[in-house]
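K.L.:
Please read through the structure below; I'll follow up with questions.
The values are calculated or read from the model by the stated rules, or taken from the named source; none is laboratory data. This is a predicted model, so every value here is computed, not measured. Glycine gets a Cβ as well: all are built from the backbone with ideal geometry, and neighbour counts include every protein chain shown.
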Amino acid sequence: MNKNFKKIETKLIHSGEPEPRIGGAVTMPIFQSAMYETAGEGSYHDIKYIRLNNTPNQIALQEKLSALENAEAALVTSSGMAAITTSLLSFLSSGDHLLIQDTLYGGTHTFITHNIGQWGISYDFINGDDPDSWNDLLKPETKVIYMETMTNPLLQVADLETVVAFAKKHGLISIIDNTFASPINFRPAEWGFDLSCHSCTKYLNGHSDIVAGAVIGSANSIEKITHTLNHLGGTLDPHACFLLHRGVKTLAIRMERQNTNAMTIAVFLKNHPAVHHVNYPGLKNHPDHDRASKLFDGFSGMLSFELSGGLEASNRFIKKVKLPIVAPSLGGVETLVTLPAMTSHSGMSGEERLQLGITDSLIRLSVGIENVDDLMEDFEQALT
Ligand code: PLP
């Protein structure tokens, strides 16, 4: 099982696969058994039971995912939010303080602003671009610093190298939501992050047919988070494990196509007279382009943009496009389009959104693997 494959494309296919193959099966079979015969397990957490995250489909998948980010261990969870909330609650308890990036996936933002205080945990939002301001917000009780690789939906890239240095200097656990980049474009452990969270619902699975999550990091941290999850119960079931295991094998070729399609579309939109501006870190005029080029192997399939005609034009565009499906979420093989103010970030107040630069008319595109000329032809007719 623990062969050290060098390249990520090979790891996607071969890492974590059982050896010898179970009954000779080329594909990991589904182990649809809730519990397993007792074999002298030493502790509660070793009892083989799906909720305890240690059954064959979970183990194989966890080995594969940890290999992708060159980390020691991984844990699969029932959703991206289960990965994020369980990770935070494993390292924060009553009286502790969290530093967290100010632009976040809406669900994470709402969890922080609405729930985390119930457990006596305090927080401050930080501007990922302004490390000098972080010191003023640091407290003796600060335990965790939390970031996103590329912010949703504005695609900002924070000063991630300084985040790691800051965390190490002050003994904080650094956590990053790496969903938007995927391990193809960014591997947080290689840059010194302690933990990387994913909504596997998105790129890792890539087929828009399951909800799943993962957290990847050191063996000690993952063991601690697993023990929390064992009690909270946000476990990924064997059938969803099987689908994620199958989906992730094509991550490299999907992501490569999504990177290049998104780059082509970003340039097309940037040069279009009906478009006011485009947020895509692959564009040279993006404020974080140099940083993104240093950190990432690709700029992902996500971009957002504003039309010159404001909200009315955005609504018209959304109605007129034929190929993209108007739907929330992202990272699948099909192109999706959404207005974040109405979907992913609708849990935030209009004022909170505007403070961060998320206008009601902002359009977010999750670029799929279709032929890019077909997509651009469709955008052209919708924009004209
Ligand atoms: N992180 C990011 C960046 C997301 O975009 C999402 C969902 O859209 C999540 C986490 C939450 O993932 P899930 O819906 O799998 O819980």
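K.L.:
Are there any pairs, at least 6 apart or on different chains, whose C-beta atoms fall under 7 Å, with the first in the stretch 344-357 and touching a residue at least 12 places away in the same chain (Cβ under 8 Å) and the second away from the ligand (no atom under 14 Å from the Cβ) and not in a loop (DSSP other than H, G, I, E, B), and if so, which?
P.N.:
The qualifying pairs are H345/R353.
K.L.:
Among the residues of the stretch 319-342, which ones are farther than 20 Å from N178 by Cα and surrounded by fewer than 18 Cβ atoms within 10 Å (Cβ to Cβ)?
P.N.:
Correct list: K319, K320, K322, L323, I325, V326, A327, E334, M342.
K.L.:
Could you say whether any residue in the stretch 348-365 is within 24 Å of G213 (Cβ to Cβ) and either in contact with a Leu (Cβ under 6 Å, 6 or more places away or on another chain) or polar (S, T, N, Q) (or both)?
P.N.:
Scanning the stretch 348-365, I find at least one residue that is within 24 Å of G213 (Cβ to Cβ) and either in contact with a Leu (Cβ under 6 Å, 6 or more places away or on another chain) or polar (S, T, N, Q) (or both), so the answer is yes.
K.L.:
Quick one: which helices (runs of 4 or more DSSP H) lie wholly within the stretch 220-322 and hold at least 1 residues that are within 28 Å of A382 (Cβ to Cβ)?
P.N.:
Helices (runs of 4 or more DSSP H) meeting the threshold: 251-270, 289-295, 310-320.
K.L.:
Now for a separate question. Pick from the stretch 323-349 the residues that are of a type in the set (V, I, T) and within 14 Å of the ligand (Cβ to nearest atom): which of them is farthest from E377 (Cα to Cα)?
P.N.:
Applying the filter and picking the extreme gives T343.
K.L.:
Please go through (1) surrounded by 16 or more Cβ atoms within 10 Å (Cβ to Cβ); (2) within 25 Å of E69 (Cβ to Cβ) for K294 and return the number of the only condition it doesn't satisfy.
P.N.:
(1)
K.L.:
What tally of residues in the stretch 19-48 results from selecting those that are touching a Phe, Trp or Tyr at 6+ places or on another chain (Cβ under 7 Å) and outside any loop (DSSP other than H, G, I, E, B)?
P.N.:
1
K.L.:
Considering each residue of the stretch 5-32, count those that are over 25 Å from the mean Cα position of the chain (by Cα) and surrounded by fewer than 14 Cβ atoms within 10 Å (Cβ to Cβ), and give that number.
P.N.:
Counting residues in the stretch 5-32 that are over 25 Å from the mean Cα position of the chain (by Cα) and surrounded by fewer than 14 Cβ atoms within 10 Å (Cβ to Cβ) gives 9.
K.L.:
If I filter the stretch 42-61 for residues that are loosely packed, with under 14 Cβ neighbours inside 10 Å, out of contact with any Asp or Glu (no Cβ under 9 Å at 6 or more places or on another chain) and not small (G, A, S), do I get at least one hit?
P.N.:
Scanning the stretch 42-61, I find at least one residue that is loosely packed, with under 14 Cβ neighbours inside 10 Å, out of contact with any Asp or Glu (no Cβ under 9 Å at 6 or more places or on another chain) and not small (G, A, S), so the answer is yes.
K.L.:
Considering every residue within the stretch 194-215, establish whether at least one is modelled with pLDDT under 95, in the same structural domain as N70 (by TED's automatic domain parsing), surrounded by 20 or more Cβ atoms within 10 Å (Cβ to Cβ) and within 16 Å of the ligand (Cβ to nearest atom).
P.N.:
Within the stretch 194-215 (the criterion being modelled with pLDDT under 95, in the same structural domain as N70 (by TED's automatic domain parsing), surrounded by 20 or more Cβ atoms within 10 Å (Cβ to Cβ) and within 16 Å of the ligand (Cβ to nearest atom)), the answer is no, since none of the residues qualifies.
K.L.:
I would also like to ask the following. Going through E312, E351, E377, E306 one at a time, which residue ends up being surrounded by 18 or more Cβ atoms within 10 Å (Cβ to Cβ) and acidic (D, E)?
P.N.:
Numbers: E312 fails: surrounded by 18 or more Cβ atoms within 10 Å (Cβ to Cβ); E351 fails: surrounded by 18 or more Cβ atoms within 10 Å (Cβ to Cβ); E377 fails: surrounded by 18 or more Cβ atoms within 10 Å (Cβ to Cβ).
Selected residue: E306, the only one of E312, E351, E377, E306 that is surrounded by 18 or more Cβ atoms within 10 Å (Cβ to Cβ) and acidic (D, E).
K.L.:
Here's something else I'd like to know. Among what's in the stretch 88-107 and is within 16 Å of the ligand (Cβ to nearest atom), modelled with pLDDT of 95 or more and not in a strand (DSSP E or B), pick the residue that is nearest to the chain's Cα centre (by Cα).
P.N.:
Step by step, filter the stretch 88-107, then rank; the result is L88.
K.L.:
Hey, another quick one. Do we find a residue being in a strand (DSSP E or B) and either at positive phi or within 13 Å of the ligand (Cβ to nearest atom) (or both) anywhere in the stretch 153-174?
P.N.:
Going residue by residue through the stretch 153-174, those that are in a strand (DSSP E or B) are 173-174.
Those left that are additionally either at positive phi or within 13 Å of the ligand (Cβ to nearest atom) (or both): none.
Within the stretch 153-174 (the criterion being in a strand (DSSP E or B) and either at positive phi or within 13 Å of the ligand (Cβ to nearest atom) (or both)), the answer is no, since none of the residues qualifies.
K.L.:
Any residue at all in the stretch 234-251 that's surrounded by 24 or more Cβ atoms within 10 Å (Cβ to Cβ) and away from the ligand (no atom under 15 Å from the Cβ)?
P.N.:
no
K.L.:
Okay, next question. Going through N127, N70 one at a time, which residue ends up being under 20 Å from the mean Cα position of the chain (by Cα), outside the structural domain of R364 (by TED's automatic domain parsing), on the phi > 0 side of the Ramachandran plot and surrounded by fewer than 20 Cβ atoms within 10 Å (Cβ to Cβ)?
P.N.:
Result: N70 is the single residue among N127, N70 that is under 20 Å from the mean Cα position of the chain (by Cα), outside the structural domain of R364 (by TED's automatic domain parsing), on the phi > 0 side of the Ramachandran plot and surrounded by fewer than 20 Cβ atoms within 10 Å (Cβ to Cβ).
K.L.:
So which residues in the stretch 175-193 are within 14 Å of the ligand (Cβ to nearest atom) and of a type in the set (A, V, I, L, M), if there are any at all?
P.N.:
Listed by number, the residues that qualify are I175, I176, A181.
K.L.:
Could you tell me whether H227 is more than 15 Å from the ligand (Cβ to nearest atom), in the same structural domain as K48 (by TED's automatic domain parsing) and more than 16 Å from the chain's Cα centre (by Cα)?
P.N.:
So H227 fits the description; yes.
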